[in-house]
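Worksheet: the structure to be examined is printed underneath.
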Amino acid sequence: MKTEGFKDAGECWKTILSDVKRNAGLLQEIKRFATENTNAAEISFGTSGWRGEIGTDFTFRNLRIVTTALIEMFKTGEQGVMMSLGVKDFDEVKRRGIIVGHDNRFLGPEFAAEVMGLLSNEGIKVYYAGEAITPEFSAAIDMLQAACSINLTPSHNPANYAGFKFNPADGGPAGPEITKVIENHANRLMAEKAIVREVQPKSFQKIDVTRLYEDFLKKRATLDLDRVRRFIDEEDCCVGIDHVHGATRRRPNVFLGESPKIKYLRTEDDYLFEGIPPEPSAKNIRPIMDLLKNSKAKFKVGVIMDPDGDRIRLTDGEMDITMNHFGAMALHFLHVYKNISGVLVKSVATSNFGNAIAEKLGIPIRETPVGFKNFRPYMLQNARERAIVTYEESDGISGYNNTLEKDAIFGFLLALEMMSLTKKNLGEYLRELEEKFGAYFPERAGIEVDRSLAGAPLLERLSRLKNKLTPGAKIAVGKSSKSIKTVITIDGIKVVLDDGSWFLIRPSGTEPKVRFYVETRSSETLKDIIETTERLTREVLA
């Protein structure tokens, strides 16, 4: 197959992304590749579903294969899988229905039509969410008592990606006991060169998932939406929201109403996101920080959210507040100001600032492997240990009685209620907590490794660290020697030192890389601990 001189979609994407303003018209070539390319792909569900490059891996043919694999899983009806799905059998799936939607990336509606056609052809009730964000799917499953949802999004990935997220009946991310079954069916169909014809959707019910999400928030009542609205109406405030051309646009308007105090950035359609990675990064939050700095309002808050609304970063115009700190602030606020009891749940790669607060407040701490799906046991309404807040350093948060998915809208509304009750800007509240519980300085780094090491060989070499790094042992950090206090091995190897600093070494699940997560009690020692972490890693890889 050859399209307009490009040998494949990857080559076409490189040209588009080299100058997005000049080459945006080439998206129609990408559509042709996505339609005409019948090459098989290896289907693998990562922490947030299957992702692939549009026109290369993520094609209409391969999407139909994955959807067919999902249907086969329902039809096969293995008892353990159906229990994980939260349904009894395929008849229950057909009756309760499946919610299908997409973010506002290129070909979203067309991809959704492919999925809905195959589902409705099997007699499955189909709800069409249209343009929607990840937490809305989770809430809509609960409000409609649907069997599951299919969310066509690659989250914060660059513009050349599309994705397929699957959520079972509890609304949380699908675990490996489900996704492995989908993978097995899909890759078998790929190997068999199965032909799945396009089917036009016979029938579907259009739903307003934003209103369903609002009703969900009111029902669960963790947030006080009336208090948030009064804060906007009555206080001298400036609120900035950067949607980075994503599907979160128009959502805050529903919850907060229209107000000149609220400024919305980058709400227009732009399939190429201005050529930037559409993520809540330190670089991308600068426009909102600049907007707030020019405001003379007493209360200022700004947020940037990724295209599918499951990641968020915050600022008061002066401080860039990452989830490492905001998650800990949320724990303190929900427990002290809103009297919510339970446990702190965070990933092992996340700052220990929350741990320090939890320990002083007598709150149990539960650390999990990286991946929001690992928080599910603590988020269920019948959980023995209920989470006050769940968060991870990669910008994801949810809270007591809320969705089982990462929820940027929840984080945003929580920040507004936090300001309303504390009568403080976020930076002021954070500094107050740091004075009381201590300051923490987290950072991320990593190294690339040879592709031949990716997978099992890399795991084997990194496992040697467990013999080298043991409690009581001494290691050199900069010019000083520190003792190892604790070693945690639930995901990679996390070494906590006697001064409260720590480092985590874990392989990337998708790339030939080793990732480092570090934290110190002083900004001056961050460089030293990163260098130590890299040195220890290179020694076992040599």
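The values are calculated or read from the model by the stated rules, or taken from the named source; none is laboratory data. Note that the structure is predicted; figures quoted are calculated from it, not measured. As a convention, Cβ positions derive from the backbone with ideal geometry for all residues, glycine included, and neighbour counts pool all protein chains shown. The protein model used for the area step is the full one, side chains on, heavy atoms only, and it has no ligands, DNA or RNA in it. Shrake-Rupley method; radii C 1.70, N 1.55, O 1.52, S 1.80 Å.
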task = Go through the range 466-496 residue by residue and tally those that are outside any strand (DSSP E or B), in contact with a Ser or Thr (Cβ under 8 Å, 6 or more places away or on another chain) and touching a residue at least 40 places away in the same chain (Cβ under 8 Å).
result = 3
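Does ILE99 meet the test of being open to solvent by less than 10 Å² (accessible area, probe 1.4 Å), under 30 Å from ILE141 (Cα atoms) and touching a Ser or Thr at 6+ places or on another chain (Cβ under 6 Å)?
Numbers: open to solvent by less than 10 Å² (accessible area, probe 1.4 Å): yes; under 30 Å from ILE141 (Cα atoms): yes; touching a Ser or Thr at 6+ places or on another chain (Cβ under 6 Å): yes.
Against the criterion (open to solvent by less than 10 Å² (accessible area, probe 1.4 Å), under 30 Å from ILE141 (Cα atoms) and touching a Ser or Thr at 6+ places or on another chain (Cβ under 6 Å)), ILE99 qualifies.
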task = Go through the range 137-173 and count every residue that is farther than 19 Å from PHE372 by Cβ, buried (at least 24 other Cβ atoms within 10 Å of the Cβ) and under 15 Å from the mean Cα position of the chain (by Cα).
result = 1
ask   = So is ALA9 of a type in the set (A, V, I, L, M, F, W, C) and open to solvent by 20 Å² or more (accessible area, probe 1.4 Å) or not?
value = no
note = Of (1) among the aromatic types (Phe, Trp, Tyr); (2) open to solvent by less than 10 Å² (accessible area, probe 1.4 Å); (3) out of contact with any strand residue (DSSP E or B) (no Cβ under 9 Å at 6 or more places or on another chain), TYR337 fails just (2)
query = Inside the range 407-432, can you point out the residues that are open to solvent by 10 Å² or more (accessible area, probe 1.4 Å) and under 30 Å from ASN382 (Cα atoms)?
reply = LEU421
inquiry  = Give me the residue from the range 346-384 that is over 14 Å from TYR440 (Cβ atoms) and free of Cβ contacts under 8 Å to residues at least 12 places away in the same chain and, out of that set, least open to solvent (accessible area, probe 1.4 Å).
reply    = ALA383
message = Would you confirm whether or not the range 187-201 contains a residue that is crowded, with 24+ Cβ neighbours inside 10 Å, more than 14 Å from HIS102 (Cα to Cα) and more than 17 Å from the chain's Cα centre (by Cα)?
response = no
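Can you name every one of the strands (runs of 3 or more DSSP E) wholly within the range 310-378 that holds 3 or more residues which are of a type outside the set (A, V, I, L, M)?
365-368
Which is crowded, with 22+ Cβ neighbours inside 10 Å and out of contact with any Cys (no Cβ under 8 Å at 6 or more places or on another chain), of GLU53, GLU72?
When all the criteria are applied, what remains is GLU53.
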ask   = Does the range 184-195 include one or more residues that are touching a residue at least 40 places away in the same chain (Cβ under 8 Å) and among the β-branched types (Val, Ile, Thr)?
value = no
inquiry  = I'd like to know if the range 47-65 contains one or more residues that are in contact with a Phe, Trp or Tyr (Cβ under 7 Å, 6 or more places away or on another chain), of a type in the set (Asp, Glu) and closer than 18 Å to ALA159 by Cβ.
reply    = yes
ask   = Somewhere in the range 61-69, is a residue modelled with pLDDT of 95 or more, open to solvent by 10 Å² or more (accessible area, probe 1.4 Å) and over 29 Å from LEU26 (Cβ atoms)?
value = yes
request  = Hey, can you tell me all the residues within the range 469-496 that are touching a strand residue (DSSP E or B) at 6+ places or on another chain (Cβ under 9 Å) and open to solvent by 50 Å² or more (accessible area, probe 1.4 Å)?
outcome  = THR470, PRO471, GLY472, LYS474, ALA476, SER481, LYS485, THR486, ILE490
key: Residue satisfying all of: in the range 497-526; out of contact with any Gly (no Cβ under 8 Å at 6 or more places or on another chain) and in a helix (DSSP H, G or I); least open to solvent (accessible area, probe 1.4 Å) among these   = LEU526
